[in-house]
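Q: Mind having a look at this structure? Questions to follow.
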C-alpha cells in the first residue's frame, strides 16, 4: 500500500518552548517527522513558537509559522493553509491538548481536517483520567483502584475507601505537573487544589498507592493493518513514586523474568490495539512479584520515545509519521540498516543508562525531593557493555562537578537520604556502601532492586582493589572495563592523570568502538553510531576523508539549552556542504544532533577530556570545533590544546578562535585589562580570590555590587550583593564554583539598558548579525530577559558606538567564528559587560529574525572561508519586529522564588514576530503562557524610585478598562496623579490582602518591583502565589510598560498570523 492519496498537505503542531517535562525530544521527533513526510511527497505546514529548534528552520518544512500555539492562532493558520490532516503526536502534551481543543470547538470538522496517527478517541481515553480507567477495565487490563474528581472535597471523601498515601494525577498535564503523593489529608488538599487548576478540564485522578513497585516501560509501534512491534522495554532503577522522567532508566530491563517480560509485552500490544493508535505509544506499568498494574499511556512520541530511539537506533518518529499517512511497517525501510523493514523488532547487545539533569544548583530554595511531578530540565544517555560501565559514563556525562566518593554524609543523613529520594540518590547509595551499609539494608530503605545495588558495589570493590594493590596490567584493564576514568584511577593510586593515561597507552589498553545498528550486528548498517568500550574488537573503520569533530553541549540545563544543539547541527550542515566529514560527540538523547543521520559519524560519549581524546586518537580528525557546544565545549578548549600539544603523534588542531583567546574572554581579569588597553568603557571593577580582597574592592566601589566568577554559563553564582555579610556568604560559594580564577566585582549599573550583539568574525571582517535591546533593565540575566530586534529606544549614534566596539573587540581578540558581546547603556555611555567567543543562546533567535544562518556562516569561517567569499559583510536590516521571551520553571519547582536576577533561571524561549513592537511583544507573552489579560484587575506594588516610571503603564491599563488595586503607598501616589486605584493591605498587615484575592481568583495581573534586599524576600509570597495560581506577573518597570502597550494594541486590533517567509519579505537566505 502507498500513502493515503487524500493526504497532500499536513499541519504538524510543535511542542513550543523547552520547559520542565517537555524538552528537546520534540524538536528531534518533529524534525524527523517533517523529513519523513516530505520524503513521501507530503507538503508540511509547521507551527511552533520556539525559534531555537531545527524544526523551525526554513528547510525543515514547506511552510513555517513561528506563532503562539493556541487554539485561536492555530485555527487562523488552518483557515489560511487548508491542510488535509493534522498530526498531534509529535508536539508533546501541547500537540495533544491543542488538537483536542480544536476538535471540541468544531474547527476540525468545519475545515474537513482528519486527525492522523493518534485518534481523537485515543487522546480522550488516555488524557481524561476517568475515561482512561474505563478503557483499561473494558479490555481487562488491571489498574490501581482510583477515581477521577473535580473538587478537593470529592478527593477527601476517597480517603476512607483508598487509604493514604494517595497519588494525585491531573488530567491533560505534562510531566506530572500539579500532581504528587499525598501522605496526609493536608497534602491531599494542597496538591488537589493546584492540580485542578493545572488540568485543562479541571480533573484529577485520585489513585491508590503502588509506591515501591517496580516501574517498567514499553515502547510500542502499530500500523493501520494492526501489525504491532515492541521497540524496547525500559526498567526504572527507582521504584514507583518517582516520575519516570525523574528516574534513572536502564534498557534492556535487567531484573525481569522472561515470563514477566512476555506478560507485559502482551499487555502493551493489547493496549495499543484497543486504543487504535497508529504510530508510536509509550506504556508504563507497575510490577511486583509477577503482578502488574497499568499506570499511564502516552499515545504519542514522548521523552521515552526519544530515549528508545537513541538506545536502539530505531527511528520511532520517522516511522510513526509514515504510518500516520497510511504506510505499513513492512513497507517502511529502516534507514539505519538500509535493508530491513520497520516491522523488524530492534535487538540490542549492550546496556543503556539514562540519568536526569536537575536544576537545583540554580534553585537552592527549591524542594529537591523527587516525586511524581518532574523537576529535571534534561537528561544524559550512556552506552556500555555492562550496567556498571554505562552508569559511570552517564554520571560523568551529567557535567555536575561531582562524582562517586566526592561527598560525605553522617549515618543519620545517609539513612534519611536513602529513604527520601533526591538528586543526590546515586551518590548516597555509593556512600552507604562505602561506609558499611548492607545491600539488603539499602534496598529496603530505597526500594531499589538489590541487583542494582550490587552493580554499584562492584564499582566500590574495584576502587578498593586499586587502593590496596596499586596498578598492574590486569587491574588497570578491569578498572577501564568497569568504566573508571584515568582521572579517578589516578586519584585512587596517587598518580596524576597524564601518568595513568601514558601507562594505559604503553600497555595497549585502549578503547574500541561498537556500533548501534538496531539489529545486534545481524545485518550490515549504513548509518550506525558508536559507543566506546574496553573490549578487543572495534567496529569503527576511519575514513581517509578530511574530517572535523564537533563537541556537543551535553544535557539540557538552565543556561545551556537547545540553542547550542541548534548551532551544533548547523555546523554539521555547513561542513557537509563543504565536502568535509562531520563528526559529533554528544550524550543527549533528546536532540537533533544525536539523530542517526544528522552527522557523518556520531559518538555517544561523555564530553570529558579523556573521552574526546579517545575519539581523536582513533579518527585523527583535521580539527575540533569547541565553539558550538556552549560552556561545556568551551571549558574543554584549554585542556584539549594542552593535551594535543603533549601528544606529538597527533596533528589535530582546535578550529576557529584560539584557546588562548577563548581563555582571554573567560578570564574576567585579563578581559578587563584588554578593554582598558582598547579604551572601551566598562563598569568600575576589581578582582578578588579571598574574602579580604573582596571586601576591599567592594568598599572602594560601593554597594550594591555585581559579583561573578570565571568560566561559568548562565550567570552561575552571579549575584547582586547588597552588604558585607552578603559578600562573605557569596565568596564561599564563588570560590567553589571557579577556584582557579579570580572573582570579578563590578559596580552594579542600576536602571541601565542592556544590549546583546551576535556577530561572526573571520579575523579581518566582522558581520554583525543583530543588535538586541533587552526589555528588562540591567540586573536581570540576559538569558532571562525579553529582548527585541531591532532596538526600539536606542539612538543611531549609540548603536554606531556599539557596532564600533564589537568590531574593535572581535579584531583585538582575533575571533574566528562566533562572538556574543553584552553591553549596558547608562546616562548615554556604552559599557561592555562581557564577551563570549562562542555560540550564544540567542543565535537561533537572531538567525530567524534576520533570515541568515549565523552558525553555518561561522562554521565555514572556522575552516578558512572569509566573510567576503561567503558574501556576508553587511549587517542585515530586519524586515519585521521580533521579540524573544523566556520560559521560567517556577511552577514546576515548589519553594523556588520567581524573582529574576543576574543568575539565569529560564529553561527555554519563544519568539513573537509582527510589524510593530507591541503586537510582537504580546505574541511572545502569549506563546510563553504569560499572556497579559485584556481586562480585569491588576495589582501594583512598586518601590519608591519606580513610581514616576509606572505612571505611564498604570494610565494605559486604566484607560484599557482595568481596575487597579495597590498597597497604600503606591495607591496614594497613583491617585495623586489622577489614576484611580483601590487600596489593599500588605500581606504583613493581615486580611484581606492580595494573597486572599489571588486565591479567590480576583487578580488577573501582578506588577511587583522589589524595593530592597529585605523586601525582595518579603515579596516572595506574592510572587510564589502568582506562579501557583497561574497569574501573569511582572517584576520590572520596562516589562510593565511593554505589557501595557501590548494590551492596548491587542484589545484594539487583535493579532494576525503570517509565515516566517512572509515576515521576511520572501528573503530567507539559508544557504551560505
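The values are calculated or read from the model by the stated rules, or taken from the named source; none is laboratory data. The shown structure was predicted, so the numbers you read here are calculated from the model rather than taken from an experiment. Note: ideal-geometry Cβ built from the backbone for every residue, glycine included; neighbour counts use all protein chains shown.
Q: Before we move on, is residue 294 closer than 29 Å to residue 387 by Cα and buried (at least 23 other Cβ atoms within 10 Å of the Cβ)? Full working, then the answer.
A: Values: closer than 29 Å to residue 387 by Cα: yes; buried (at least 23 other Cβ atoms within 10 Å of the Cβ): yes.
In short, yes.
Q: Considering only the stretch 251-270, state which residues are surrounded by fewer than 24 Cβ atoms within 10 Å (Cβ to Cβ) and touching a residue at least 60 places away in the same chain (Cβ under 8 Å).
A: Within the stretch 251-270, the subset surrounded by fewer than 24 Cβ atoms within 10 Å (Cβ to Cβ) is 252-267, 269-270.
Scanning the stretch 251-270 gives 252, 254, 255, 267, 270.
Q: Taking the options 655, 674, name whichever one is more than 33 Å from the chain's Cα centre (by Cα) and closer than 23 Å to residue 818 by Cα. Can you show your working first?
A: Details: 655 fails: more than 33 Å from the chain's Cα centre (by Cα).
Within the list 655, 674, the selection yields 674.
Q: Sticking with this one: Can you pull out every residue in the stretch 767-792 that is closer than 20 Å to residue 748 by Cβ, in contact with a helix residue (DSSP H, G or I) (Cβ under 6 Å, 6 or more places away or on another chain) and crowded, with 24+ Cβ neighbours inside 10 Å?
A: Within the stretch 767-792, 775 is the sole residue that qualifies.
Q: While we're looking at this one, here's another question. Condition test on residue 112, is it at pLDDT 95 or above, assigned by TED's automatic domain parsing to the domain that holds residue 91, on the phi > 0 side of the Ramachandran plot and surrounded by fewer than 17 Cβ atoms within 10 Å (Cβ to Cβ)?
A: Working: at pLDDT 95 or above: yes; assigned by TED's automatic domain parsing to the domain that holds residue 91: yes; on the phi > 0 side of the Ramachandran plot: yes; surrounded by fewer than 17 Cβ atoms within 10 Å (Cβ to Cβ): yes.
So residue 112 fits the description; yes.
Q: Something else about it: Just a yes or no: is a residue in the stretch 575-583 modelled with pLDDT of 95 or more, crowded, with 22+ Cβ neighbours inside 10 Å, in contact with a helix residue (DSSP H, G or I) (Cβ under 7 Å, 6 or more places away or on another chain) and more than 20 Å from residue 614 (Cβ to Cβ)?
A: The answer is yes; a qualifying residue exists.
Q: So which residues in the stretch 262-294 are in a strand (DSSP E or B) and either within 12 Å of residue 218 (Cα to Cα) or under 26 Å from the mean Cα position of the chain (by Cα) (or both)? Walk me through how you get there before you give the answer.
A: Here is the first cut: in the stretch 262-294, the residues in a strand (DSSP E or B) are 279-288, 291-294.
279, 280, 281, 282, 283, 284, 285, 286, 294 - these are the residues of the stretch 262-294 that are in a strand (DSSP E or B) and either within 12 Å of residue 218 (Cα to Cα) or under 26 Å from the mean Cα position of the chain (by Cα) (or both).
Q: Do any helices (runs of 4 or more DSSP H) lying entirely in the stretch 594-663 carry at least 1 residues that are surrounded by fewer than 19 Cβ atoms within 10 Å (Cβ to Cβ), and which ones are they? Give the derivation first.
A: Details: elements: 609-619, 630-634, 637-646.
Answer list for the stretch 594-663: 609-619, 637-646.
Q: Being loosely packed, with under 15 Cβ neighbours inside 10 Å and without any contact (Cβ under 8 Å) to a residue 24 or more places away in the chain is the filter here; which residues of the stretch 390-429 pass it?
A: Answer for the stretch 390-429, where residues must be loosely packed, with under 15 Cβ neighbours inside 10 Å and without any contact (Cβ under 8 Å) to a residue 24 or more places away in the chain: 401, 406, 408, 410, 412, 413, 416.
Q: Exactly one condition in (1) in contact with a helix residue (DSSP H, G or I) (Cβ under 8 Å, 6 or more places away or on another chain); (2) crowded, with 23+ Cβ neighbours inside 10 Å is false for residue 876; which is it?
A: Failed condition: (2).
Q: Condition first: surrounded by fewer than 24 Cβ atoms within 10 Å (Cβ to Cβ) and under 21 Å from residue 279 (Cβ atoms). Now tell me which residues in the stretch 63-82 satisfy that. Let's see the steps before the verdict.
A: Taking the stretch 63-82 and keeping what is surrounded by fewer than 24 Cβ atoms within 10 Å (Cβ to Cβ), we get 63, 70-82.
Once the filter is applied, which keeps residues that are surrounded by fewer than 24 Cβ atoms within 10 Å (Cβ to Cβ) and under 21 Å from residue 279 (Cβ atoms), the stretch 63-82 yields only 74.
Q: Across the stretch 482-496, what is the number of residues that are touching a helix residue (DSSP H, G or I) at 6+ places or on another chain (Cβ under 7 Å) and in contact (Cβ under 8 Å) with a residue 40 or more places away in the chain?
A: Here the count works out to 6.
Q: Right, here's the next one. Please determine whether any residue of the stretch 793-802 is surrounded by 19 or more Cβ atoms within 10 Å (Cβ to Cβ), in contact (Cβ under 8 Å) with a residue 40 or more places away in the chain, touching a strand residue (DSSP E or B) at 6+ places or on another chain (Cβ under 7 Å) and over 27 Å from residue 1036 (Cβ atoms).
A: Scanning the stretch 793-802, I find no residue that is surrounded by 19 or more Cβ atoms within 10 Å (Cβ to Cβ), in contact (Cβ under 8 Å) with a residue 40 or more places away in the chain, touching a strand residue (DSSP E or B) at 6+ places or on another chain (Cβ under 7 Å) and over 27 Å from residue 1036 (Cβ atoms), so the answer is no.
Q: Pick out the one residue from 238, 223 that is under 31 Å from the mean Cα position of the chain (by Cα), in contact (Cβ under 8 Å) with a residue 12 or more places away in the chain and buried (at least 21 other Cβ atoms within 10 Å of the Cβ). Reasoning before the result, please.
A: Numbers: 223 fails: under 31 Å from the mean Cα position of the chain (by Cα).
Answer to the check: 238.
Q: Moving on to the next point. Hey, can you tell me all the residues within the stretch 661-687 that are closer than 29 Å to residue 624 by Cβ and free of Cβ contacts under 8 Å to residues at least 12 places away in the same chain?
A: Answer for the stretch 661-687, where residues must be closer than 29 Å to residue 624 by Cβ and free of Cβ contacts under 8 Å to residues at least 12 places away in the same chain: 670, 673.
Q: I need a count of the residues in the stretch 145-180 that are surrounded by fewer than 22 Cβ atoms within 10 Å (Cβ to Cβ) and farther than 29 Å from residue 91 by Cβ.
A: Result for the stretch 145-180: 16.
Q: Looking only at residues in the stretch 515-554 that are modelled with pLDDT under 95 and part of a strand (DSSP E or B), which one is surrounded by the most Cβ atoms within 10 Å (Cβ to Cβ)?
A: The qualifying residue surrounded by the most Cβ atoms within 10 Å (Cβ to Cβ) is 516.
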